[in-house]
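Chemist: Input: one structure, supplied below.
Just so it is clear, none of the values below were taken in a lab; they were calculated from the coordinates. No experiment lies behind these values; they were computed from the predicted model shown. Here the Cβ is made from the backbone with ideal geometry for all residues, glycine too, and neighbour counts use every protein chain on show.
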Amino acid sequence: MRNSLAAEITRQLRPHWSAPQGVDVELLVTRVRFSLNRDGSLSGSPRCISTTGVNASNSAQKDAHCERAIRAVRLAAPFNLPEQYYDGWKTVTSNFDRRL
């Protein structure tokens, strides 16, 4: 069930995600954690917990990558998820990269 919920969250995030452009930006992977209320709305602010793949060529894009990931979460909310599985999606950690 957890994989199914993760796939559904990703499906709802995808239309709102657009990575910044630049050299080696495709190497960046930003992890964002956010909490949701039972109605799928955000509970608090999403936050970037890590970004991997940073190098000398793309380090200037790291902050923009995080900002765009948070923006995608805010735009996707409220999420449409099955309430009976709330314990499985009340706190979400999503990876944002070029393949989202």
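Chemist: Applying the selection to the stretch 51-67, what residues are closer than 9 Å to residue 22 by Cβ and surrounded by fewer than 19 Cβ atoms within 10 Å (Cβ to Cβ)?
Modeler: Let us first name the residues in the stretch 51-67 that are closer than 9 Å to residue 22 by Cβ, namely 57-58, 60-61, 64.
The answer is 57, 60, 64.
Chemist: Just one of (1) touching a helix residue (DSSP H, G or I) at 6+ places or on another chain (Cβ under 6 Å); (2) touching a residue at least 60 places away in the same chain (Cβ under 8 Å); (3) farther than 18 Å from residue 93 by Cα trips up residue 13, so point out which.
Modeler: (3)
Chemist: All but one of (1) buried (at least 19 other Cβ atoms within 10 Å of the Cβ); (2) more than 19 Å from residue 29 (Cα to Cα) hold for residue 92; which doesn't?
Modeler: (2)
Chemist: Hey, among the residues in the stretch 17-38 that are assigned to a loop (DSSP other than H, G, I, E, B), in contact (Cβ under 8 Å) with a residue 40 or more places away in the chain and not polar (S, T, N, Q), which one's surrounded by the fewest Cβ atoms within 10 Å (Cβ to Cβ)?
Modeler: 38
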